[in-house]
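The structure appears right after this line, and notes come after that.
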Amino acid sequence: MLSPDATLVSAIRSGDEQAMAQLYERYSSIVYSVALRVLGETGAAEDILQEVFMQLWRNPDAFDATRGSLPGWLAVITRNRAIDSLRKRRPETDISDVVVSVEPDLAGSAELNRALEKIRGALGGMPPPQRSALEMAFFEGLTHTEIADKTGEPLGTIKTRIRAGLLTLRKAFCP
Amino acid sequence: MSVHEQFAEDLSLYALGALRGQERLAVEKHLETCQDCRHELEQLQGDLALLALSASGPRPPLHSRERLMAAIAKEPRRATVRLVQRKPWWIALEWATAVAAVAMIVLLLRQNTDLRQRVAALEADSSAQQKQLLQAKELIATLTSADAVHFTLVAAKAPPQPQGKAIYLRSTGTLVFLASNMPELPPQKTYELWLIPTSGAPIPAGLFRPDSHGSAALIKPPLPTGVEAKTFAITVEPGTGSAAPTSTPIMVGT
C-alpha cells in the first residue's frame, strides 16, 4: 500500500502543484534546518531549500518510495547539496543514487518529535570526541583525513569513531 | 552483520562522500556485486538521515513558500508515466552500458537511419534487446580495453589531430564522450570537459586523462537534466579539476 508521501510524489509526477505544496508544508522545516546547520547563513539555506524542492518537482522519479523514507532522503540529499555548495564544487552524487533506509516513521510531527528525542539522546550519550568527529564529517563535510589533521588524532581512530557514532544512532531505534 | 569487514569503515566514509580516487572506485566496484554491502549502505544513509534530523528546528521564512510555488508555476510539466521501477545505480549500470553502447554505435555508423530502425526494433523485442546488450558490452569492452589499438583516419599526409566526440541527450542529461590523439599532460594537470549552455556559466562535465595512445572516454558523467547545450569545450585544469574554467579552451565543439 502506498504511503501518503508516496501518493503525493506520485501526484507530483503528474504535475500536481498542490501535492508539491503539501510536501513543502511537511518537510520544508527539515530541509531548511539541515541546510542552515551546514551553511550557517539563512539566505544560502533558503537557496538550497528551493533547489532541493525544485529537483523533486523536476525529477520526482529520483525518489523511490518502495525503497526508502522521503524525509530521510530529503535530509540526506539536502546535506549533500549544502556541502557541495559550502565547498563550491559541482554536485557529486546523483540524487537518484541515494537510497535511505530509515527505521522510525517520520511522517507526522508527533513521530518526528519522538524520533528527535531519541536522536538527541543518542548524540548526548556519545563520547564527545566521537560525536565531534561525526558532526565534523557530516555537517562540515570534512574528510576523515581533514578531521585527523585538525584534531591531531590518528586516521584509523577517526574512521572508527565515525562508524561507531553512526551505529550508535542506529541502535537507538533498533536496540 | 554480514558486511565485509574490510569495507565496513570505508562504507561509512563512502556514504558521507568522503572517499576519493581509488578508495572510492574500490568501494563502488565492490557494491556492484555485494548485496549485503548495498543493504548496509542504505542503512548507513538512514543513520546519516537521523544525524541530519538532529538539526531540526528552524522554519524557513514565510516568503520561501511563495518563491517555490512561483518557480513551480513557471515550470508546468506534462504528466509523465512511470514505465519502469527505478533501480539503484549498480543495476542501472547495465542500462547505462546499453545507452552508452547505442551511442557508440551511432558514432561509428554516423547516426544512419538504419541504426535508428534497429534501436526501435530492439526496444520492441526483449530477446533482441538482450542480444544487443551483450553486443554492447563487447563493444564497450573493446573501446575501453587497454589492449585495444585505436586508429583515427585522416587525409593522407595530414598529421593526427586531437579529436573529441560528445553525444548528449538533454532530456536525461546523459553524455557519452570519446577523445583521441589527445596530447599527454603533466602529472598535476587534467583535461576537463565543459557543457556550454545556451545561457549561463559552463557546467563541468567530467575530468579525463588520455591513455598512452591518447584516447579517453567519459560515459554518463553527472550532469543536470534539461540543460540545452550550445556546445562542449575542453580546458586544461589543475589535477582535481575546477568548478569553472581557469584557462582558455583548447578544443571547442562545432
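Derivation of every value follows stated rules applied to the coordinates shown; laboratory data play no part. Keep in mind that this is a model prediction, so the values were computed, not measured. So basically every Cβ, Gly included, is an ideal-geometry build from the backbone, and we count neighbours across all protein chains shown.
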Study note, to complete from the structure: Shielding of B:222-230 by other chains, given as the mean Cβ count within 10 Å, works out to 2
Practice item. Distance check, please: which entries in B:LYS29/B:LYS220; A:LYS150/B:LYS29; B:LYS165/B:LYS189; B:LYS165/B:LYS230; A:LYS118/B:LYS29; B:LYS157/B:LYS230 exceed 25 angstrom between their Cα atoms? Key: A:LYS150/B:LYS29; A:LYS118/B:LYS29; B:LYS157/B:LYS230
Check your understanding: Just counting partner chain Cβ atoms within 10 Å, what average do the residues of peptide B:181-190 show around their Cβ?
Key -> 0
Review point. Using +1 on the beta carbon of Lys and Arg, -1 on that of Asp and Glu, and nothing else charged, what's the dipole of chain A about the Cα centre, debye to 20?
Key: 660 debye
Point to revise | Average Cα contact separation per residue, chain A, under 8 Å, 6 or more apart, as relative contact order % | key: 18 percent
